[in-house]
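These notes concern the structure reproduced below.
The values are calculated or read from the model by the stated rules, or taken from the named source; none is laboratory data. Treat the numbers as computed from the prediction; the structure is a model and nothing was measured. Counting neighbours? That spans all protein chains shown, and the Cβs are built from the backbone with ideal geometry, glycine included.
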């Protein structure tokens, strides 16, 4: 697997998660405080992700755990939000997997 493939996996999950949160908390079940609290952390790594910086991808994998945990809790506790929560879990797993692979592969390429 190349670093570009891992990068595209990460970016697909990242932008998918943003779109999901905007649709979920912005349109389907409006909760603007929750939407703001969930989107603000995703704004910080955007520049580094788009530039392909391995360090950003490495710490993005830790940030993703917040969204994974949120998805698990919502899927368990809120039956009406379960489809959104399952998509959130999938997006966070995509981000995590892609970010770990990218940082590992890219660091080897740079050595």
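Descriptive notes on the structure:
- When residue 20 is tested against (1) under 30 Å from residue 110 (Cβ atoms); (2) crowded, with 17+ Cβ neighbours inside 10 Å; (3) at pLDDT 95 or above, only condition (1) is not met.
- Residues in the range 97-111 that are farther than 18 Å from residue 45 by Cα and either modelled with pLDDT of 90 or more or in contact with a strand residue (DSSP E or B) (Cβ under 6 Å, 6 or more places away or on another chain) (or both): 1 in all.
- If only residues of the range 37-54 that are more than 15 Å from the chain's Cα centre (by Cα) and without any contact (Cβ under 8 Å) to a residue 12 or more places away in the chain are counted, the one that is surrounded by the most Cβ atoms within 10 Å (Cβ to Cβ) is 53.
- Meets criteria (crowded, with 17+ Cβ neighbours inside 10 Å and more than 13 Å from the chain's Cα centre (by Cα)) for residue 76: no
- Number of residues in the range 1-31 that are touching a residue at least 12 places away in the same chain (Cβ under 8 Å) and not in a helix (DSSP H, G or I): the value is 3.
- Candidates 26, 13 - the one that is over 23 Å from residue 2 (Cα atoms) and surrounded by 13 or more Cβ atoms within 10 Å (Cβ to Cβ): 26
- Against the criterion of being within 16 Å of residue 19 (Cβ to Cβ), modelled with pLDDT of 95 or more and in a helix (DSSP H, G or I), residue 94 qualifies.
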